[in-house]
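Where a number appears in this text, it was derived from the coordinates with a stated rule and is not lab data. All values reported here derive from a predicted model rather than from experimental measurement. Neighbour counts are summed over all protein chains in view; Cβ atoms, including those assigned to glycine, are modelled from backbone coordinates with ideal geometry.
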């Protein structure tokens, strides 16, 4: 290898070294400033909402111009790609207040599962309807069957 090639390699090395320290910070800065949080609303309202910050449930309700008749914990923060289900109807069953008999009126919810719901809410009140999937025996399919009848 002659001297010109050695000098060329050294120059390339220093340029790549300088570039590697400068460029990533610019890229990270652009990623952080352009981040959009997307929230999907289903049920009575079907919308895709975008926020430039991490929204709370109250932000979504304000964007939809809806009052919190669902009794959601409004300060609960939502992550990007979250789905917030807003049920239809006026005669909804409250996950945080319903009796054992009321919970058992839901199709597929028997006495044992209804008791699990009551036991769960005594430890940790439900913040969203989706929290019902934290109950053993209630998976995604069961949740999709009963969510339209539930509120908090």
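Among the residues of the stretch 44-66, those identified as assigned to a loop (DSSP other than H, G, I, E, B) and farther than 28 Å from residue 107 by Cβ are 52, 53, 54, 55, 65. From the set of residues in the stretch 93-108 that are under 14 Å from residue 145 (Cα atoms) and touching a strand residue (DSSP E or B) at 6+ places or on another chain (Cβ under 8 Å), which is surrounded by the most Cβ atoms within 10 Å (Cβ to Cβ)? Per the criteria, the residue is 103.
Taking into account only those residues within the stretch 126-146 that are closer than 21 Å to residue 44 by Cβ and assigned to a loop (DSSP other than H, G, I, E, B), which is nearest to the chain's Cα centre (by Cα)? Outline the logic, then answer.
So the first thing to find is which residues in the stretch 126-146 are closer than 21 Å to residue 44 by Cβ, and the list is 126-133, 140, 142-146.
Then drop every residue that is not assigned to a loop (DSSP other than H, G, I, E, B), which leaves 126-128.
Details: 126: 14, 127: 12, 128: 10 Å.
So the residue we want is 128.
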